[in-house]
Amino acid sequence: SQTIHQWPATLVQPVGSPLSLECTVEGTSNPNLYWYRQAAGRGLQLLFYSVGIGQISSEVPQNLSASRPQDRQFILSSKKLLLSDSGFYLCACHTPTSGPYNEQFFGPGTRLTVL
Amino acid sequence: AQSVAQPEDQVNVAEGNPLTVKCTYSVSGNPYLFWYVQYPNRGLQFLLKYITGDNLVKGSYGFEAEFNKSQTSFHLKKPSALVSDSALYFCAVRDGAAGNKLTFGGGTRVLVKP
């Protein structure tokens, strides 16, 4: 079964600073990868998803970008953080070869606080 | 477009009593529905899913969910709640478009009191 790693676990950054969050996946190949943001411990907002290396789809126009340099690596970035970027960032994966209707698996998350 | 509604922000239940968390959905085409649980400062854990077949789906930790097509509902249930079931619960529906995306409800916080 797949395992998802995210780091760092916690991050405090000043407004205007850059951001790089990393997600790596073990135990699967050719996964679909997703970045979600959760604000105030409630709903999940899908930010980006990727169906392959170098393929990124953006769901919400914003201050963030994503990249997928390797099959099992997904990076979330920003050049200049805003206060509104604070939240809990979750990486998830889905393995298409396991069946199109199977569940997504989630990583442990990164808590980002922008001050 | 798909949507999921969880009408209750919070559900309070005494330990040992039955627990129900409500979810209604709107999809075009066949619904593929999921329940997840989130403990504080953790990622989401998969509980169960409905793809096709029996309307009563059994999942992890003693949870089950009932799919009702006529009412477009997929309520999560547990016959006897535990204090350790206190968490945030999310209902989700698969987006039929590319990428196997999920659309999540707003979440329901469950508090089980001893």
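Take each residue of peptide B:34-42, count the partner chain Cβ atoms within 10 Å of its Cβ, and average: the result is 3. Neighbours of B:GLY62 by Cβ distance under 15 Å: Lys/Arg scored +1, Asp/Glu scored -1, total -1. Computed over neighbours whose Cβ is under 13 Å from that of B:GLY106, the net charge equals +1, Lys and Arg +1, Asp and Glu -1. Dipole size of the protein assembly as shown about its Cα centre, with +1 on Lys/Arg Cβ and -1 on Asp/Glu Cβ: approximately 220 debye, rounded to the nearest 20.
Remark on region B:67-109: accessible area falls by at least 50 square angstrom from chain-alone to full-complex state for B:GLY99, B:ASN100, B:LYS101, B:PHE104, probe 1.4 angstrom. Residue by residue along A:42-51, Cβ atoms of other protein chains within 10 Å of the local Cβ number 4 on average.
Taking every Cα-Cα distance in chain A and sorting them into 5 Å bins from zero, the calculated P(r) comes out as 2, 12, 23, 26, 19, 10, 5, 2, 0 percent. Between B:ASP54, B:ASP95, B:ASP85, the Gaussian network model of chain B with springs among Cα atoms under 10 angstrom shows the greatest mean-square fluctuation at B:ASP54.
Whole-Hz Karplus values for region B:34-44 come out as 9, 10, 10, 10, 10, 8, x, 6, 10, x, 7 Hz, taken residue by residue from phi with 6.51 cos²θ - 1.76 cosθ + 1.60 and θ = phi - 60°; glycine and proline positions read x. Annotation: amide H of B:ASP95 within the under-5 Å range of B:LYS101, B:LEU102, B:THR103, sequence separation 5 or more or interchain, hydrogens built in the peptide plane. The phi torsions of region A:55-60, fed into the Karplus equation with coefficients 6.51, -1.76 and 1.60 and a -60° offset, translate into couplings of 9, 10, 10, 9, 8, 9 Hz, rounded to whole numbers, with Gly and Pro shown as x. Here region A:18-56 is scanned for amide nitrogen atoms under 15 Å from the site 7 Å beyond the Cα of B:ASN41 along Cα-to-Cβ, giving A:41.
Average accessible surface for region A:75-115: 40 Å² per residue, computed with a 1.4 Å probe over protein heavy atoms with every protein chain in place.
Charge tally for B:LYS78 (other residues, Cβ to Cβ under 14 Å; Lys, Arg +1; Asp, Glu -1): -1.
The values are calculated or read from the model by the stated rules, or taken from the named source; none is laboratory data. Please read these numbers as outputs of a predicted model, since none were measured by experiment. Reconstructed Cβ throughout: ideal geometry from the backbone, glycine too, with neighbour counts over all protein chains shown. When the accessible area is computed, the model is the full protein with side chains, heavy atoms only, and any ligands, DNA or RNA have been set aside. Shrake-Rupley method; radii C 1.70, N 1.55, O 1.52, S 1.80 Å.
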